[in-house]
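A.B. asks: Mind having a look at this structure? Questions to follow.
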Amino acid sequence: MSDDAPDTVDVKVVDIINDREIALSGGGIQGLEVDDVLRIVSAKPRVIKDPEGEVLGEIVQTKAVVRVYDVQPKFALARTFRTREVNVGGQGGGVLAFGRIFDPPKYETRVETLRRDPTKGAPVTNPDDLVVQIGDLAEKVERSSVDDIPSASIWR
């Protein structure tokens, strides 16, 4: 699975290790390799209906994007890896940030996590705090499209 073409592999999330790492039900036998990039999606697509209740279709929302870092024959470990520069300093604007409006910008590199709320500290004690759940599906994606995949995960 090391080339850039997406492959279909029946792999699911089987354990959540922490707010950045997961265990997957597939490994080397299923063709996973170190550095494969996967998008994690819900096992059930979201049904879209019109106001009268007619089903218009389904969408599959990406919950997170992870990279495989350890492959065993029957399972693999993966973690979030995307980063983003976030201004945590001045120039925030708005009424609430007025006190810092004249402060210089301060940028920090934030790492994508599996959390719904980045202000909650570690360790993860409640699975409902995470966007990824056990049973979610993992789909291989092209490495070149990683930056273009929106996700529901949080940057901390």
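The values are calculated or read from the model by the stated rules, or taken from the named source; none is laboratory data. Note that the structure is predicted; figures quoted are calculated from it, not measured. For neighbour counting, all protein chains shown are included, and Cβ atoms are generated from backbone atoms with ideal geometry for every residue, glycine included.
A.B. asks: Regarding region 42-55, can at least one residue be identified that is under 17 Å from the mean Cα position of the chain (by Cα), among the β-branched types (V, I, T) and modelled with pLDDT of 85 or more?
C.D. replies: no
A.B. asks: Further, regarding this structure: Give region 38-58 a look and list any residue that's β-branched (V, I, T) and surrounded by 10 or more Cβ atoms within 10 Å (Cβ to Cβ), or say none.
C.D. replies: I40, V41, V47, I48 - these are the residues of region 38-58 that are β-branched (V, I, T) and surrounded by 10 or more Cβ atoms within 10 Å (Cβ to Cβ).
A.B. asks: Which strands (runs of 3 or more DSSP E) does region 60-156 wholly contain that include 3 or more residues that are more than 18 Å from the chain's Cα centre (by Cα) and modelled with pLDDT under 90?
C.D. replies: Passing ranges: none, list empty.
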